[in-house]
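The values are calculated or read from the model by the stated rules, or taken from the named source; none is laboratory data. For clarity, every value in this text was computed on a predicted model and none was experimentally measured. Don't worry about glycine lacking a Cβ; one is built from the backbone with ideal geometry, like all the others, and counts go over all protein chains shown. Accessible surface is based on the protein model in full, side chains and every heavy atom, while ligands, DNA and RNA are left aside. Shrake-Rupley method; radii C 1.70, N 1.55, O 1.52, S 1.80 Å.
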Amino acid sequence: MWRSRRRGKFESEGEFLEAELRKPPTGTRLERQGEILYQYYTPGLFTHPMRCYCSLLRGLAPGDSASLTYCQCSRAFVQTYWQAALGRPVQVDLLETCIAGAQACKFAIHL
């Protein structure tokens, strides 16, 4: 996975995380509070704004919401992404999503 190669450019996990916090991947925002990294996706701010990245829910009408159960694949994607980048297991919690009414999808990555 390309993220693990990017991680290889840094001597320590801490240096890597600091670089990610300064310049996160496009479409995301990262915040760190202690040993928890919060990752936000805001699909409405992309060049082609959308309600959700998921093709199943992208067309969900404004004002309609859906169960967070639909977003467990996104949680698993975020978990796989960070496990590859850090080279170790991490726990990821799904906190908020656009389809449930939030302005951004929010995940907690337990470092």
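For segment 11-111, the dipole from Cβ point charges (+1 on Lys and Arg, -1 on Asp and Glu) about the Cα centre works out to 360 debye, to the nearest 20. Each of Gln72, Leu95, Pro25 was scored by the projection of its Cα onto the charge dipole of the chain, and the greatest displacement toward the positive side belongs to Pro25; charges sit on the C-beta of Lys, Arg, Asp and Glu. Seen against the Cα atoms of the chain and their longest principal axis, helix 72-86 is set at about 10 degrees.
Ranked by the mean number of other Cβ atoms within 10 Å of their residues, highest first, the peptides 18-27, 50-59, 92-101 fall in the order 92-101, 50-59, 18-27. Altogether, the Stokes-Einstein calculation at 37 °C and 0.692 mPa s, with the Kirkwood radius of segment 31-92 over Cα pairs as Rh, returns a diffusion coefficient of 243 µm²/s. Under a Gaussian network description of the chain, with springs only between Cα atoms under 10 Å, the residue in Gln79, Gln91, Gln39 that fluctuates furthest is Gln91. Rounded to the nearest 0.05, what FRET efficiency do Arg58 and Ala102 give with R0 = 22 Å and r taken as the Cβ-Cβ distance? Could you check? Result of the calculation: an efficiency of 0.85. Across segment 98-111, computed HN-Hα scalar couplings (Karplus, 6.51 cos²θ - 1.76 cosθ + 1.60, θ = phi - 60°) run 5, 6, 9, x, 6, 6, 9, 7, 10, 10, 9, 9, 7, 7 Hz from first to last residue, x flagging Gly and Pro. Highest GNM mean-square fluctuation among Phe16, Phe77, Phe46, for the chain modelled with Cα contacts below 10 Å: Phe46.
Taken about its Cα centre, segment 2-42 carries a charge dipole of roughly 300 debye when the Cβ of each Lys and Arg holds +1 and the Cβ of each Asp and Glu holds -1. Using a/c under 1.5 as the rounded threshold, could you call the chain rounded, prolate or oblate? The axes a ≥ b ≥ c are square roots of the C-alpha gyration tensor eigenvalues, and prolate needs a/b larger than b/c, oblate otherwise. Taking the square roots of the gyration eigenvalues as a ≥ b ≥ c, the chain is prolate.
Here the chain exposes an accessible surface that is 53 percent carbon and sulfur, computed with a 1.4 Å probe and the other protein chains kept in place. Shape class of segment 12-64 from the Cα gyration tensor (axes a ≥ b ≥ c, square roots of the eigenvalues): prolate, since a/c reaches 1.5 or more and a/b is larger than b/c. Taking only protein heavy atoms into account and a 1.4 Å probe, give the accessible area per residue of segment 1-109 in Å². For segment 1-109, the per-residue accessible area is 60 Å². Relative contact order of segment 9-85, taken over Cα pairs closer than 8 Å and 6 or more residues apart, is 12 percent.
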